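Quick notes on the structure that follows.
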Protein chains: 4
Amino acid sequence: MIIMQPGATREQISTVIDRVHANRMEAHTNVGTRQTIIGVVGDRHNVPADQFESLPNVQSVEPVLKSYELASRQFHPENSVFSLGGFTIGGDEIPVIAGPCSVESRQQILETAQAVKEAGANALRGGVFKPRQSPYSFQGLGEEGLEYMAEARALTGLPLVVEVMAESQLPLMSKYVDMLQIGARNMQNYSLLRAVGETHIPVLLKRGLSATIDDLLNAAEYILFGGNNRVVLCERGIRTFETATRNTTDINAIPVLKSLSHLPVVLDPSHSTGHTSFVSAVAKAAVAAGADGIIVEVHPDPEHAFSDGQQSLKPEEFARLVKQVKAVAEAVDRTLV
Amino acid sequence: MIIMQPGATREQISTVIDRVHANRMEAHTNVGTRQTIIGVVGDRHNVPADQFESLPNVQSVEPVLKSYELASRQFHPENSVFSLGGFTIGGDEIPVIAGPCSVESRQQILETAQAVKEAGANALRGGVFKPRQSPYSFQGLGEEGLEYMAEARALTGLPLVVEVMAESQLPLMSKYVDMLQIGARNMQNYSLLRAVGETHIPVLLKRGLSATIDDLLNAAEYILFGGNNRVVLCERGIRTFETATRNTTDINAIPVLKSLSHLPVVLDPSHSTGHTSFVSAVAKAAVAAGADGIIVEVHPDPEHAFSDGQQSLKPEEFARLVKQVKAVAEAVDRTLV
Amino acid sequence: MIIMQPGATREQISTVIDRVHANRMEAHTNVGTRQTIIGVVGDRHNVPADQFESLPNVQSVEPVLKSYELASRQFHPENSVFSLGGFTIGGDEIPVIAGPCSVESRQQILETAQAVKEAGANALRGGVFKPRQSPYSFQGLGEEGLEYMAEARALTGLPLVVEVMAESQLPLMSKYVDMLQIGARNMQNYSLLRAVGETHIPVLLKRGLSATIDDLLNAAEYILFGGNNRVVLCERGIRTFETATRNTTDINAIPVLKSLSHLPVVLDPSHSTGHTSFVSAVAKAAVAAGADGIIVEVHPDPEHAFSDGQQSLKPEEFARLVKQVKAVAEAVDRTLV
Amino acid sequence: MIIMQPGATREQISTVIDRVHANRMEAHTNVGTRQTIIGVVGDRHNVPADQFESLPNVQSVEPVLKSYELASRQFHPENSVFSLGGFTIGGDEIPVIAGPCSVESRQQILETAQAVKEAGANALRGGVFKPRQSPYSFQGLGEEGLEYMAEARALTGLPLVVEVMAESQLPLMSKYVDMLQIGARNMQNYSLLRAVGETHIPVLLKRGLSATIDDLLNAAEYILFGGNNRVVLCERGIRTFETATRNTTDINAIPVLKSLSHLPVVLDPSHSTGHTSFVSAVAKAAVAAGADGIIVEVHPDPEHAFSDGQQSLKPEEFARLVKQVKAVAEAVDRTLV
C-alpha cells in the first residue's frame, strides 16, 4: 500500500502507478479527501519497497497485515458511500430494503412493493432464483419473476435487490436489477464473486453461515479486485449450537466490520432470527450498533408464503418496525432515508 | 399449573394448595393482578388433573410444556420487577451495573466506585473470588476484597454485585453483598444453584459459554424452586467459531428470553465482545433490543488491570457510553435509573 | 416412494412409471436384489397415493419423511457400490485417495503420483482450480495442471480426482478427470450441483464447513436428481469453537451417514485435522468407524508446498499410514484395495 | 521448569527444591527414567532463571509456554500410567468402564454389574448424585446408591467410578468410590477441582460441553496442583451446530491430548453420540485414534431407564462392542485388560 503526500499531483500518482504496472502488479487508487492511497495487489514477494519510496511525493509504503487490502479501512480510511435509486448507503442516512423472500406472482410482488413503499422502504428485495436446501422445494420464477419485479419498480420507484446464484444468470440479471445479492451459501463461490466483480452493478454480499468476519472481508476483496467498488456487507446470522432461533445474529460483527472496513454494513434480522416476533427487536439493535441499513422480509400473507413465511412480517408489522427503527436511528444521530 | 378464576378467594386457593401438598408436590403461587396461578412442581406423573379441576374456582389445569415452570411467562404473565438499592429492575427503568473485573486494592475499588457513580452507574460490580482458567492466575482478594467493596458502598451508596463460586463462600458473601453473581462457568453447578436458591439475596445468573436459552431458564428454575424469586438473567456472549471477538453476543437471546420468561434480562457487553472498542455499540444494541439493564467492566487503569484489561473501559469512556445508552433507552420508551 | 412386490414384472414397473409421468413427476428406479423401489420426485402435493396402490403388483406407497429421497437408505436399502479405475467403492474394499493439495508443476505431480502409488494409493487427487480465501493466493495451474495430472495417470494407472469450482469448467474437466470433487465451500452451490448431476462422472461431495448431515444429504440429492448416481460423501471436518485443530472431525457423521444413506462415505483426515501429526490417528479412526475410504494430502516437500503444507504428509509418512490403516481395516472385516 | 542432569543426586535435587521454596513457590517433581524434572509453580515473574541454572547438576531452566505445566508432556515426557483395581490405565492395556447412567435400585445395579463384568468390563460406573438440566428430573439415590454400588463391587470385584457434584459430597464419596468423576458441567467449577486435588482418589475429568482442549488441560492442572496426580482426561463430545447426534465427538482431541499431555485419555461414546446405534462405531474409532480407555453406558432395560435410556446399550450389545473394540485394539498394538 503506497500512501502519497497530501499535495501529490496527478502526474506523480501516475508515475507510481506505472511503476506498479512495471512490476506486473495491479494498482487500485483511493482518492481520499486528504490524500491518495494506492493499493498494490498481486504477487508482492519480490518487489522492494524502496523502489516506490524514492518516487516524488510518496509519503510511505506500508505493509498490509490482512489477506485483504481493498476492503480494509487502512486502504480507504473514510466510509465508502454510494448512491442507489434515490438514496445513499454508507453515509448518515439508513436505507431500509424490504420485500418477500420469493417472487411468487405478479399480484403478490406488486402488492408487496406498494405496501413496503408506503411503510417507508427504500428498495425492494425479492428472489427469482432460490437456493433451496432441497431440489424439491420451490426454485423461483426465473425471468418471469424479474419482469414482475421490473413492473413493481415502475410502479413504486423502488430499486431492485435480487439474488444471483450463478455466473450464467448474470446477463439476464444485469438487464433488470439495481443491486445483485450474493447469498450466504455462495459467499465463497469464488467464480461467482469474480464474475460479479467484473460487472458495475452494486452488490449485497451476505455472510456465509459459518464464515468468519475475515472470510467475509476476503470474499468482498474478490469483488473489489475485479473493479466493482460498490459492495455492501450483510450480517444475516451465523450457525451456532443455539436452536431457539434459526441463526444467531452476530451483533458484534457490526462494530467489528465498521472498524476493519470502509464498506457499508447492513443487517438482515429476518434470517438472523427466523421468527417474526424477534425481527423488530433485532432490527433496532442493528441500527443502535451502527448498521448502515437493514433488509427485512415482508409478505402480504406470510402463512401462505412459498418460503420463509415464519420470518416474514405483514405489511402493517413492517410499518411499525420502520417507525421504531426511525426513533433508534435518531438516538444514534442517524436518519432513515 | 393450576389457573384460578379471577374472583377466587384466599380460602379457595388454600384448598388447592393443600391438595397439591396431599399429592406430595410443592405449590408456588403467583398472585397476579388479574388472577392467581399456582405452579405445581414435583413428580407429576401420577396425579390426575381432574382432582384439581373439580375444586371451587379453579379455572383450568394446564400442562407445562417446558422443563421449567416457575421461570416461564406462562406461570407469571407479567414482568417480574424488583428493587435493589434505590432502583428497580425489570420495569421501565434500566439500571447500569459497573466496576472492575477484580477488586485489586482498596484504592482501586474506591476510585472506581466514585468514578462509575459519577458517570451514572447504579450498582457496583467487582470480583473477590475469581474463576480463572489457570490456577496460576490471580485468584482474587477474598474477604479483604469484600471489605473494600463494603467501604465503596458506604462511600457511594451503590449496592454490590459480587460473584460467588462455591456454596462454602455463601455465609461470608451474605454478610456483604446485595446481589450474588453466578458466573458462566458455574451456570450448571446445580449444588451452587440450589444453595443460592435458599438464600434471599437477589441473583445475577450468567449464561454459560455454550448454554442454550433453554439451559439458562432451567438453571434459573433451580434457584426459583428454592424460593428465591429475585433472579436476573444475564447474556454475556456464547462460544462460537468466530474469533474476531472474545465471544459472540447472542442479541437474539434478549427478545427470546423476554418472550419465554418474566425474569429481567441484562447484557454484559464487556465479556460478550472482549474489546473496549465494541462495548459501547453492543450496549446500545442491548437496550434497543429490550434489555432491562447492562453490566459493564470499568477500570481506572485498564492497561495494568490484573484481569480483563482489554475489555475494561476507562471511567471517561464509560461516562460517554452511559450518555449514548440513555438516548437509545429513550428511543425505546425506557429510561435509565 | 412406490415399493413393488418382489415378483413384479418389467411391464408392471413400466406401468407405474408411466402413471408417475402422467402426473408430471419424475421416477427414479432402484432395482434391488429383492424388489424394485420407484422414487417419485416433483410436486407431490396433489397426487393421491391410491392412484398407484391400485396398480398391479404395487406393494405399497410410502411417504418420504426426509427432504431427500434418492439419497436415503429407505429408497435404496443396500449399499451403493460402484467401480472407479480398477477398484470399487462402497463395498468391502476401502480405497485410499492421495496426492497434493495443488498441482504445482509437472515434476511435483509425477513424483507424488509415483510415490503414493508405491505406498498403496488407489487414486490420485490434485487441485488445478483452487478455491482460496484470498484472491492473492495461488489459484491453481488450470488446464496445464490437468495435462500433468493426465500424464501422471498414464504413468501410474491411478484414476484422477480433481475439484471443479464452476459450471464453466465442466467441459474441460470432463476431458481429463475420473472423479469430480465438489469442495466444502461449494457444497450448497446448487447451480454447480445440478450441472454435475447432468454429467456421468462420479462425484466426491465434500461436506460444507457448517453443513449439517441433513444439508449434505440434500446436496447429494441435487446430484442424484440429475441422474448421476455415483456420488461419494466426504466428511472433512466442521467448524466449531475448538482452535487446537483446523477443523473438528465429526467422526459421528460416519455411522450416521451410513445409517441414513446408501452412498459411500469417505473421510479426509488432512483437512479435518489440519496438522500432519494427527492425520494418521484420525485416518485409522475413520476406518474403525466404518468409512468406505480415505483421502489424504501428500506432498514430496510439504515445507515448500504452495498450499496446505502443514497438513500434507511426506510420502514415507503416508506409506506408514497406509500400513496402519490396513491393520485397522482388517480388524473391522474390511480390506484395503 | 528445571531439568536436572541425568546423574543428579537426591541431595542436589533437594537443594533445587529448597531454593524454589525460598522463592515462595511450589515444586512438583517428576522422577523420570532418564532424568528428573522439577515443575515450579506460583508467581514466576520475579525469579531470575540464573538462580537455578548455577546450582549443581541443573541441566537447564526452561520456560513453560502454556498456562498449564504439570499436565504438560514437556514436564512429564513419558505417559502417566497408574493402576486402579486390578488394571493399569495409560499404558498398553485399555480398560473398559461400563454401567448405568444412574443407580436406580439395588437390583438394577447388581444385575448390571454382573452383566458388564461378564462382557469384559474392568470398572463399574453409576451416578448417585445426578446433575440434571431440570430440578424436576430424577436427582439420584445419594448414599443409598453408594451402598448398592459397594455391594456390586463386593460381588464382582469391579472398582467404582462415581460422579461427585459438590465439595460437600467428598467425605461421603471417599468412603465408597475408587475413582471420582467430574462431570462436563463442573469442569470449570474450580472450587470442586481444588477440593478433589487435595484427595488421593483418582479422578476422571470430563471435558465441558464447550471447553477447548486448552481449557481441559488447565482444569486438570488445578487437580494436579493440589497434589493428586492420578487424573484421566475424558472426551465426551462437544456442543456444535450439528443436531443429528446429541454431541459431536471430537475425535481429534485424542491425538491432540496425547501430544500435549502425559495424562491418560478415555472416550465416552455414549454421551458423545447420544444414540445406541452409533456407540460401537465411535468406541472403535476412539481406540483406533489412540484412546487409553472407553466408558460406556449400559442398562439392563434401556427403555425404562430413569435417564439416558436412548444412549444406553443392553448387556448383549455391550458384549458385542467389547469384542469389536478388542480387535481394533490389537490392530493398533494394544490389548484390552
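Values quoted throughout were computed directly from the atomic coordinates according to the rules given, and no laboratory measurement underlies them. Only a predicted model underlies this, so the values are computations on that prediction, with no experimental measurement involved. No Cβ is skipped: glycine too gets one built from the backbone with ideal geometry, and neighbour counts run over all protein chains shown.
Some observations on this one:
- None of A:83, A:105 is more than 17 Å from the chain's Cα centre (by Cα) and either polar (S, T, N, Q) or more than 25 Å from residue A:265 (Cβ to Cβ) (or both) except A:105.
- Screening residue A:335 against (1) within 23 Å of the chain's Cα centre (by Cα); (2) surrounded by 19 or more Cβ atoms within 10 Å (Cβ to Cβ) leaves a single unmet condition, (2).
- Scan of segment A:196-215 for residues that are touching a Ser or Thr at 6+ places or on another chain (Cβ under 9 Å) and either under 30 Å from residue A:242 (Cα atoms) or surrounded by 22 or more Cβ atoms within 10 Å (Cβ to Cβ) (or both), ordered by number: A:208, A:209, A:210, A:211, A:212, A:213, A:214
- For segment C:298-332, a residue qualifies if it is touching a His at 6+ places or on another chain (Cβ under 8 Å) and buried (at least 24 other Cβ atoms within 10 Å of the Cβ), and the qualifying residues are C:311, C:312, C:313.
- Inspection of segment C:148-169 finds no residue satisfying the criterion of being of a type in the set (D, E, K, R), touching an Asp or Glu at 6+ places or on another chain (Cβ under 8 Å) and surrounded by 24 or more Cβ atoms within 10 Å (Cβ to Cβ).
- Qualifying residue in segment C:325-335 (condition: in contact (Cβ under 8 Å) with a residue 60 or more places away in the chain, within 14 Å of chain D (Cβ to nearest Cβ) and of a type in the set (Ser, Thr, Tyr)): yes
- Consider segment C:132-165 and keep the residues that are within 14 Å of chain A (Cβ to nearest Cβ) and of a type in the set (Phe, Trp, Tyr). The one that is nearest to the chain's Cα centre (by Cα) is C:138.
- Residue in segment A:281-289 that is free of Cβ contacts under 8 Å to residues at least 60 places away in the same chain, of a type in the set (Val, Ile, Thr) and surrounded by fewer than 21 Cβ atoms within 10 Å (Cβ to Cβ) present: no
- Scanning segment B:1-54 for residues that are over 17 Å from residue B:225 (Cα atoms) and hydrophobic (A, V, I, L, M, F, W, C) returns B:3, B:4, B:8, B:13, B:16, B:22, B:47, B:49, B:52.
- Residue in segment D:166-177 that is under 25 Å from residue D:67 (Cβ atoms) and within 14 Å of chain B (Cβ to nearest Cβ) present: yes
- Across segment A:62-114, the qualifying residues are those that are within 14 Å of chain C (Cβ to nearest Cβ) and not hydroxyl-bearing (Ser, Thr, Tyr), and the one among them that is surrounded by the most Cβ atoms within 10 Å (Cβ to Cβ) is A:71.
- Wholly enclosed helices (runs of 4 or more DSSP H) of segment C:203-320 bearing at least 2 residues within 14 Å of another protein chain (Cβ to nearest Cβ), closer than 21 Å to residue C:183 by Cβ and within 13 Å of the chain's Cα centre (by Cα): C:213-225, C:253-260
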